[in-house]
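Below is one structure, written out as structure tokens; comments come after it.
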Amino acid sequence: MEIQLFFILIYIVTCFGQDSGTCSGNRCGECITSGTQCAWCYDESYINKTRCGTVTQLQNLGCRNVTTGPVSSIQFLRNISLNDGATGEAVQLYPQKVKIRLRPHETFKWFIKYKLAKNFPVDIYFLTDPSYTMRFLRDALANLAGDLATAIRNLTNDYRFGFGTTMDKVTLPFTHTTAAALQDPCGNPDLNCDPPHDFIHRYSFSNNTNSFVATVGATKLTANYDAPEGGFDGLMQVLVCTDRIGWRSKSRRLLLYATDSDFHFAGDGRLAGIVKPNDGQCHLDNTGRYTHGLLQDYPSVGQLIKTTRDNNINLIFAITSASKALYEQLSQLIPEATTSELSSDSRNILDIIKTNYENIRRSVELRYYPVPNDISIEFHTTCGGFYRVSQKTARCENITEKGESEIEFEVDIKSLLNSCPKDPSQRSQTFVISPVGLQEQIEIEVEYICECDCQKPENAEINSPRCNNGTGDFECGICHCHDGWSGDTCDCDERMTEEEACGSLDKKDNTTIKICNDLENSRCMCGKCVCPEGYTGDYCECYNAGCGYYNNEICGGTSRGVCQCGECKCEPGYTGDVCGCPVSTESCERVMDGNVTICSGNGDCVCGVCKCHGNYRECKAFQQGLLTKEECDKQCTHTTVADNLDDKSPNVTSCRFPDATGCFIIFTYEFDSNARVSIVVKKEKESCPIPANVALLGGSIAGAIFLVALLLLIIWKILTTCYDSMEYARYKREIDNPDFSKNENPIFKPPVTKFDNPMCDVNIAEKDKMEI
């Protein structure tokens, strides 16, 4: 039961992980390349912010149109069928050129076919050591050339032979350079030796066996001085001089080097003062002689390895027993190189060629070069049925041209990229797959899939009117903005810098640029300042919290006014600091005796409210104000004084106003049926200001100053006491430990100079010995 639960948990986690990939991207191409499960919503009516996610995620969010983008694919650009060469050109590898569109993160599988062609072209070049000890090889090649041609003809009808000789650099200590030695390097006129040479290409590729035999037979012997020989110079020239040697662009290339001596390699040239490294280039004159033997050093082993691989040449070392072990080590370093033992009479040269050629034909190994960036490649094959199951290998052996179906290699190309390169020029790369030792190859171009089909110009609206009248392209359901524009509809202008769009000079120093007034939580977006709450203005320079409130709304609400830079800007019909005053006097108007009066003629209409004249009230109730007693008695007959006011009646209006002393006078008024007013004033004033107690205020201030001074004095005393204690303690330590008495003046020199006689302590016996 526990095991079942464990596997169920694994399944749930796996499914959840596949469905909840970290998909991201603002465009369809960026999204689908961010993960193998990622998709894009191109539904125009989709209202959610996130358009990139897995298919399930987007569908759950309400997207009706989801695309996972183009899938990886292959296009065959050259696919000539396999052909054994009986009619037409021999073709062993299929296809020859492909283009693969690959998505990041993905692995794409495709197949290569190989079939051995009976009449595939072969070029065999014989590079020999023309020393006296190798004279039998020259004779064997001349005598057995016909048999060699017959043996090769049984394997292919399209063959050619080439021939050259290589000895050593013509300089000491490698070769004698006296006049006699240069004339007769063998030291025996009867041998009729040629002057010494480094390398001579003597016979370009041809299938004319008689001509080949004649050239080999006419080649004379020569000699050098030291034991090793300069065969590497000859090998390099045969490898790189493709046109001069005659290597065909499509053939199986074999280079046989026969010698009985060890070899010189890079660095040995310094013995003759030749320090310039070998450049790996062709340097043959019109006669086929190597011209740079005394100008540059021998090639290195690494150069031979690279050049052999680059030119797909199979090296065969035919070596006598004395040096065979050394060349076997060398052949292990060079791809597809082999070493065979050459008999003392060299008559087994035919078997060496035939055996090695058959072995080369019976195997195939695929390689790719150059190594592509961010791509891994694996090969799998059953080797035409030799394996029961597919093996992870790029090599097959025991291949024949009879009764075998073609060999199929599965090629797994995996992208190691997490996203597409930003630079479009880096979104494609090329490499080749080629059988080792063969010129046949498959050219492969890998192009990363970085866009969805809906992004292509033919499917998108370029300079769409839906994107701010042309500042963007409408693609995959959204606007993709041009450079300098952003936003859902590309209406955000970002062509200016923040300083240009949202910067203003500091009013204090007039030199410092402040972005959006340098306010916290402010930001420059779309070329405009986005201000924090309470601030407005192009540069957030206006603080709106300074505006007053009316009816619990700033500036009385939008119907009355708006706050601009700390001041209320009132709408028509309203006035005042907070737009609380209506211009109209309608609320203050009253009809009396058939006439419209303002505040019954006894006040002013202020902010829609009557402000009553107070003279007649003050004089009657409190004997104060501007009216004299006579004027008061005459004008205030309608005014009475009471302890309490009746303000509950619907016809009674209650009022209050401040007098000259700051107290508030409370009164009511009402009109009778004859429109006569009666006023009742409350006997007691309200909210009168309390006079300040000057003595108490002065005493409080003085006391506070005294307490602060006392506190500072106490702190100073504590600090000085602590400092005196530390100084006394340091003084005691110095008294108890008087180190100063032990010190010496560094510039003091004693007046006495002491010299020691080295002989004063020597005893007499030792002195006698020294004298003797």
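Consider the range 686-720. How many of its residues are charged (D, E, K, R) and assigned to a helix (DSSP H, G or I)?
1
Given the condition on the phi > 0 side of the Ramachandran plot and either at pLDDT below 80 or of a type outside the set (A, V, I, L, M, F, W, C) (or both), answer yes or no: does some residue in the range 578-587 qualify?
The first filter runs over the range 578-587 and keeps only residues on the phi > 0 side of the Ramachandran plot, leaving 579.
If we keep only those that are either at pLDDT below 80 or of a type outside the set (A, V, I, L, M, F, W, C) (or both) as well, we get none.
Checked the range 578-587: no residue is on the phi > 0 side of the Ramachandran plot and either at pLDDT below 80 or of a type outside the set (A, V, I, L, M, F, W, C) (or both).
Out of 285, 310, which single residue is among the acidic types (Asp, Glu), under 20 Å from residue 442 (Cα atoms) and either at pLDDT below 90 or in the same structural domain as residue 148 (by TED's automatic domain parsing) (or both)?
Of 285, 310, the one residue that is among the acidic types (Asp, Glu), under 20 Å from residue 442 (Cα atoms) and either at pLDDT below 90 or in the same structural domain as residue 148 (by TED's automatic domain parsing) (or both) is 310.
Could you please tell me which pairs satisfy a Cβ distance under 9 Å, a separation of 6+ or placement on different chains, a first residue in the range 186-204 that is more than 18 Å from residue 291 (Cβ to Cβ), and a second residue that is polar (S, T, N, Q) and in a loop (DSSP other than H, G, I, E, B)?
186/131; 186/192; 186/222; 193/222
What's the number of the only condition in (1) among the charged types (D, E, K, R); (2) outside the structural domain of residue 111 (by TED's automatic domain parsing); (3) out of contact with any Cys (no Cβ under 9 Å at 6 or more places or on another chain) that residue 443 fails to meet?
Only one criterion in (1) among the charged types (D, E, K, R); (2) outside the structural domain of residue 111 (by TED's automatic domain parsing); (3) out of contact with any Cys (no Cβ under 9 Å at 6 or more places or on another chain) is unmet by residue 443, namely (2).
So which residues in the range 411-426 are touching a Ser or Thr at 6+ places or on another chain (Cβ under 8 Å) and of a type in the set (Gly, Ala, Ser)?
415, 419
How many of the residues in the range 101-112 are surrounded by fewer than 20 Cβ atoms within 10 Å (Cβ to Cβ) and either of a type in the set (A, V, I, L, M, F, W, C) or not assigned by TED's automatic domain parsing to the domain that holds residue 428 (or both)?
3
Taking the options 425, 419, name whichever one is part of a loop (DSSP other than H, G, I, E, B) and among the hydroxyl-bearing types (Ser, Thr, Tyr). First the steps, then the outcome.
Numbers: 425 fails: part of a loop (DSSP other than H, G, I, E, B).
Of 425, 419, the one residue that is part of a loop (DSSP other than H, G, I, E, B) and among the hydroxyl-bearing types (Ser, Thr, Tyr) is 419.
Looking at the structure I just gave you, is residue 243 without any contact (Cβ under 8 Å) to a residue 40 or more places away in the chain and either under 21 Å from residue 434 (Cβ atoms) or not in a loop (DSSP other than H, G, I, E, B) (or both)?
yes
Could you please give the count of residues in the range 315-347 that are closer than 27 Å to residue 132 by Cα, outside any loop (DSSP other than H, G, I, E, B) and either touching a Phe, Trp or Tyr at 6+ places or on another chain (Cβ under 9 Å) or not polar (S, T, N, Q) (or both)? Give the steps one after another, and end with the answer.
Keep residues of the range 315-347 that are closer than 27 Å to residue 132 by Cα, which gives 315-331, 337-347.
Adding the requirement that they be outside any loop (DSSP other than H, G, I, E, B) leaves 315-319, 324-331, 338-341.
This time we only want the ones that are either touching a Phe, Trp or Tyr at 6+ places or on another chain (Cβ under 9 Å) or not polar (S, T, N, Q) (or both), so: 315-319, 324-328, 330-331, 338-341.
The total comes to 16.
Within the range 54-72, work out how many residues are in contact with a helix residue (DSSP H, G or I) (Cβ under 8 Å, 6 or more places away or on another chain) and at positive phi.
1
Among the residues of the range 506-542, what is the count of those that are over 20 Å from residue 493 (Cα atoms), assigned to a loop (DSSP other than H, G, I, E, B) and either more than 32 Å from the chain's Cα centre (by Cα) or assigned by TED's automatic domain parsing to the domain that holds residue 564 (or both)?
Of the residues in that region, 13 qualify.
Can you tell me which of 461, 365 is under 27 Å from residue 338 (Cα atoms), surrounded by fewer than 18 Cβ atoms within 10 Å (Cβ to Cβ), modelled with pLDDT of 90 or more and more than 30 Å from the chain's Cα centre (by Cα)?
Going through 461, 365 in turn, the sole match is 365.
For the range 483-505: of the residues being of a type in the set (A, V, I, L, M, F, W, C) and in a helix (DSSP H, G or I), which is surrounded by the most Cβ atoms within 10 Å (Cβ to Cβ)?
502
The values are calculated or read from the model by the stated rules, or taken from the named source; none is laboratory data. Since we're looking at a predicted model, the values are computed, not measured. Note: ideal-geometry Cβ built from the backbone for every residue, glycine included; neighbour counts use all protein chains shown.
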